[in-house]
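Rule-based calculations on the coordinates, nothing more; no lab input. Bear in mind that the values here come from a model prediction, so they are computed numbers and not experimental data. Cβ sites come from the backbone with ideal geometry, for glycine too, and all protein chains shown count toward neighbours.
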Amino acid sequence: MLRLGRKAFYAMQDVSYEAQIEAMALHLDLNAGLEDAAEGIAAFLERRKPEWKGR
């Protein structure tokens, strides 16, 4: 996950602010659909440690 964020950060350095925001929204949408994102939210709400699967 960190690798994806770093890659996106460097890819957007020389792009307009509007294009950066659009790309960020796309990446957030993709990440929010991951299994680990749902597990993190569920674990937080259930006050337990998350069981990460790397997906």
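Counting only residues that are surrounded by 11 or more Cβ atoms within 10 Å (Cβ to Cβ) and not aliphatic (A, V, I, L, M), which one in region 15-43 is nearest to G5 (Cα to Cα)? Residue satisfying both the conditions and the ranking: H27. Count of region 2-14 residues, restricted to those that are aliphatic (A, V, I, L, M) and surrounded by fewer than 11 Cβ atoms within 10 Å (Cβ to Cβ), is 1. Pairing residues of region 35-55 that are of a type in the set (D, E) with residues that are surrounded by 11 or more Cβ atoms within 10 Å (Cβ to Cβ) and assigned to a helix (DSSP H, G or I), at Cβ distances under 9 Å and at least 6 apart in sequence or on separate chains, gives E51/E39; E51/A43. The residues of region 22-34 that are in a helix (DSSP H, G or I) and without any contact (Cβ under 8 Å) to a residue 24 or more places away in the chain, listed by number, are E22, A23, M24, A25, L26, H27, L28, D29, L30, A32.
Checked against the criterion of being free of Cβ contacts under 8 Å to residues at least 60 places away in the same chain, outside any helix (DSSP H, G or I) and not β-branched (V, I, T), region 14-21 contains one or more residues that satisfy it.
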